[in-house]
Amino acid sequence: MTAHDARHVRRRARRFVLAAVAACALLVAPLLVSSAQAVPSAPAAARTVPYTTSTVLLGKEQVIGALYRPTSPDPHESTALFLTHENDDFIGSVPCVQLARRGFTVLCVKSQYADQAAADWDGLALDTSASVSYLRGLPGVHKVVLVGWSGGGAIMSYYQNVAQNGLAACQAAARLDPCGDDLAHLPPADGVVLLDAIPGIAFSDLTALDASVVSERDLRVRDASRDMFDPRNGYAATGSSHYGAAFTGRYLTGQARREAGLVAQAEKLRARVAAGTGQYSDDTPMPVGRDGARLWEADTSLLAHTRGRYPVISPQHPDGGAPQVVRSLRVPTADPAGNEAWDASKGGFTADSFLSVAAIRAPAPKLTADSISGIDWSSTNTATVSNVRGIASPLLIMSMTGHYWLVPSEMYYDNATHAKDRTLVFVKGASHGFTPCTACASTPGEFGDTVSETFTYVAHWLTDRFGG
């Protein structure tokens, strides 16, 4: 057993008792009611199938899942879909219910980690492995598809990459935290669906670091020239901010500097533990604060549109229509107060958990209206951008124009060169949670029922490839 594997064993052992208690608590309560009600205002193509749910416990960690199956035989039920997230509870989530209503077998899991900062990337892959194996063993299931929504997209792309390409995909020398040998021989899925997937946890966390922070020891010490919430630098409390190229470059360089310092700190703390000179025998707390400061959440001219032309789903074009340059319809969402507050779920790292999910190299970061560059995607196992390169199975990528992952979604598509069957499509006016972005609309009801539009398209894509 390597030192890396030993760390994972210790961490999983500490969590087992809490997971078991949570499992028992859920099992004694009703999970979900069966649903036979039609989706309001759903188009005729979005048929509704009654389904039942049952509780299952999966893998060594006994993670809690909900299995959705049609109450009567359905042509779609032979395709089983799996969803999870790094720290969220996906039981009862929108994708699970919407896909179950369309007749698919669906397994949705509550993450064993309550906080992103406590997550272990390999642990999530092992939970996914147990779930894929469980679905493969169900009577009548012939195909298994991974469905990655938001942070779940980073997990699913990672899992499929390792499952299809072996340990070489996650133990490369460039990785700041290579995977353990226990990820050998993962059972691959038959396809992957990414729904408004993040570019990776490490990248997402990097770009949220407040670049004005001068020292991690005292977050109050700030460099005003790198303060994105200072009007002198282009910030606007209402409407979109407008940061010039000079400030944007200075800010991104400051974020990369903070990240490099945090990586060095985590590596030093881990080395001390390994040498027996650390404050604790197994791991060390390493909190991170002032981590709610993304430039593009204030300046909507950044990550604003695609380079290429792609279909856009709308009430007028449920199939996506003619390809076009896709533009983000999002409104500014930057929150200065949130950046100042402590978020334990996002910043309560240990040295091990930081290296597992939040460590990345960014030698020369750059953001424009249609690009992200200067990031060493190979330095982290959490990067969707690089993990999609290893996916050979059919791949559907969907992005919501009421949110801000348009440009990364195009990057996934461009990088997924081994997937001979790959599709990229956008949903006009949909928010990250699939509902219409009302603040993005010029007229009420402009975007229609974006929930139904999204999952009717997913259902058709699945049926075209896997039958039913």
*For segment 120-139, what are the residues that are in contact with a strand residue (DSSP E or B) (Cβ under 8 Å, 6 or more places away or on another chain) and either within 21 Å of His76 (Cβ to Cβ) or open to solvent by less than 10 Å² (accessible area, probe 1.4 Å) (or both)?*
Thr128, Ser131, Val132, Tyr134, Leu135, Arg136, Leu138
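Select from segment 321-354 the residues that are in a strand (DSSP E or B) and either more than 19 Å from Leu295 (Cα to Cα) or out of contact with any Ser or Thr (no Cβ under 9 Å at 6 or more places or on another chain) (or both) and write down the one among them that is least open to solvent (accessible area, probe 1.4 Å).
Step one: of segment 321-354, the residues in a strand (DSSP E or B) are 324-327, 350.
Okay, now just the ones that are also either more than 19 Å from Leu295 (Cα to Cα) or out of contact with any Ser or Thr (no Cβ under 9 Å at 6 or more places or on another chain) (or both), so 324-326, 350.
On the way: Gln324: 81, Val325: 42, Val326: 3, Thr350: 37 Å².
That would be Val326.
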*Only residues in segment 161-180 that are open to solvent by 50 Å² or more (accessible area, probe 1.4 Å) and outside any loop (DSSP other than H, G, I, E, B) count as the first member; pair them with residues that are polar (S, T, N, Q) and modelled with pLDDT of 95 or more, Cβ under 9 angstrom, at least 6 apart or cross-chain, and list the lot.*
Gln164/Ser393
_Hits in segment 194-227 (condition: polar (S, T, N, Q) and surrounded by fewer than 16 Cβ atoms within 10 Å (Cβ to Cβ))_ = Ser215, Ser225
*Filtered residues of segment 415-455 (kept if touching a strand residue (DSSP E or B) at 6+ places or on another chain (Cβ under 9 Å) and among the polar types (S, T, N, Q))*: Thr423, Ser431, Thr450, Thr454
*Are any of the residues in segment 295-307 closer than 20 Å to Pro436 by Cα, β-branched (Val, Ile, Thr) and either open to solvent by less than 50 Å² (accessible area, probe 1.4 Å) or without any contact (Cβ under 8 Å) to a residue 12 or more places away in the chain (or both)?*
yes
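Could you say which residue among Gly244, Gly191, Gly254 is of a type outside the set (A, V, I, L, M) and surrounded by fewer than 21 Cβ atoms within 10 Å (Cβ to Cβ)? If you could, list the steps in order and put the result at the bottom.
Values: Gly191 fails: surrounded by fewer than 21 Cβ atoms within 10 Å (Cβ to Cβ); Gly254 fails: surrounded by fewer than 21 Cβ atoms within 10 Å (Cβ to Cβ).
The unique qualifying residue is Gly244.
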_Tally, over segment 44-55, of residues that are part of a loop (DSSP other than H, G, I, E, B) and either farther than 27 Å from Asp196 by Cβ or within 21 Å of the chain's Cα centre (by Cα) (or both)_ = 1
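Out of the residues in segment 56-98 that are part of a loop (DSSP other than H, G, I, E, B) and among the hydrophobic types (A, V, I, L, M, F, W, C), which is most open to solvent (accessible area, probe 1.4 Å)?
Step by step, filter segment 56-98, then rank; the result is Ile91.
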_Filter result (more than 30 Å from Gly234 (Cβ to Cβ) and at pLDDT 95 or above) within segment 320-347_ = Gly320, Gly321, Ala322, Pro323
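With the structure loaded, tell me whether Arg101 is buried (at least 19 other Cβ atoms within 10 Å of the Cβ) and farther than 20 Å from Ile198 by Cα or whether it fails that test.
Numbers: buried (at least 19 other Cβ atoms within 10 Å of the Cβ): yes; farther than 20 Å from Ile198 by Cα: yes.
Criteria met by Arg101.
Can you list the helices (runs of 4 or more DSSP H) lying wholly within segment 355-468 that have 2 or more residues being surrounded by fewer than 18 Cβ atoms within 10 Å (Cβ to Cβ)? Talk me through it step by step, then tell me what you get.
Working: elements: 384-387, 406-415, 450-466.
The helices (runs of 4 or more DSSP H) meeting that bar are 450-466.
The values are calculated or read from the model by the stated rules, or taken from the named source; none is laboratory data. Every value quoted in this text rests on a predicted model; they were computed, and no experiment measured them. In this analysis, Cβ positions are derived from the backbone assuming ideal geometry, glycine residues included, and neighbour counts consider all displayed protein chains. For accessibility, only protein heavy atoms count, side chains too; no ligands or nucleic acids. Shrake-Rupley method; radii C 1.70, N 1.55, O 1.52, S 1.80 Å.
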